[in-house]
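Structure first, commentary second.
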Amino acid sequence: MENGLRSSYGGFRDLRVFQLSYRLALEIFEATKSFPKEERYSLVDQLRRSSRSVPANIAEAWYKRRYPKSFVNKLSDSSGEAGETEVWIDFSADHGYLTAERKVELLEKYGGVNKMLSGMINHPEKFCH
């Protein structure tokens, strides 16, 4: 995996949904560097936190696989954080901090994340043991 994430540990780092959501959090971090200073402790903070929570909750879910309900719950949290991130992306674009094209690109990627998470939530037996 890119950015030094692939290791001999495997596990959640091998999940495409983790890889995509992790890269998206990095993209969000870079994009928010150019936001105005007055947004540092509000919009920037919210956007960075929610985007980082997506892969973090996936990692937590992975370690709860022996408990399918806990696994699904953490994946649901991850999906919720992805949805929250989408709202902050909307605000960012509406304030003119992201271009319309960048907004669409990010929202499409988060749509892909949520599609993968939904598949995992609907079929936890493929991951739980």
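Since every read-out is calculated from the coordinates, none of them should be taken as a lab result. Here the structure is a predicted model, which means the values were calculated and not measured. A quick note on method: Cβ atoms are made from the backbone with ideal geometry, for glycine too, and the neighbour counts reach across all protein chains shown.
Could you list, in sequence order, all residues of the stretch 49-64 that are in a helix (DSSP H, G or I) and out of contact with any helix residue (DSSP H, G or I) (no Cβ under 6 Å at 6 or more places or on another chain)?
Initial filter on the stretch 49-64 (in a helix (DSSP H, G or I)): 49-62.
Answer for the stretch 49-64, where residues must be in a helix (DSSP H, G or I) and out of contact with any helix residue (DSSP H, G or I) (no Cβ under 6 Å at 6 or more places or on another chain): ARG49, ALA56.
Restricting the stretch 75-101 to residues that are acidic (Asp, Glu) and over 13 Å from the mean Cα position of the chain (by Cα), which is surrounded by the most Cβ atoms within 10 Å (Cβ to Cβ)?
Here is the first cut: in the stretch 75-101, the residues acidic (Asp, Glu) are 77, 81, 84, 86, 90, 94, 101.
Of the ones still in play, those that are also over 13 Å from the mean Cα position of the chain (by Cα) are 90, 94, 101.
Numbers: ASP90: 14, ASP94: 10, GLU101: 9.
Top of the filtered list is ASP90.
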Note to self: If TYR63 meets every condition in (1) buried (at least 16 other Cβ atoms within 10 Å of the Cβ); (2) within 18 Å of the chain's Cα centre (by Cα); (3) not acidic (Asp, Glu) apart from one, which number is that one?
What the structure shows: (1)
Next item on the list: Can you confirm whether the stretch 30-45 contains a residue that is surrounded by fewer than 17 Cβ atoms within 10 Å (Cβ to Cβ) and touching a helix residue (DSSP H, G or I) at 6+ places or on another chain (Cβ under 7 Å)?
Entry: no
Checklist line | Number of the condition not met by GLY96 [criteria: (1) farther than 24 Å from ASP45 by Cα; (2) assigned to a loop (DSSP other than H, G, I, E, B)] | finding: (1)
Margin query: Need pairs with beta-carbon distance below 9 Å; first residue touching a residue at least 12 places away in the same chain (Cβ under 8 Å) and over 15 Å from ALA56 (Cα atoms) and within the stretch 17-33, second exposed (fewer than 15 other Cβ atoms within 10 Å of the Cβ) and basic (Lys, Arg); sequence gap 6+ or separate chains.
Written below: THR32/ARG40
Checklist line | Search result, residues across the stretch 102-129 that are surrounded by fewer than 12 Cβ atoms within 10 Å (Cβ to Cβ) and outside any helix (DSSP H, G or I) | finding: HIS123, HIS129
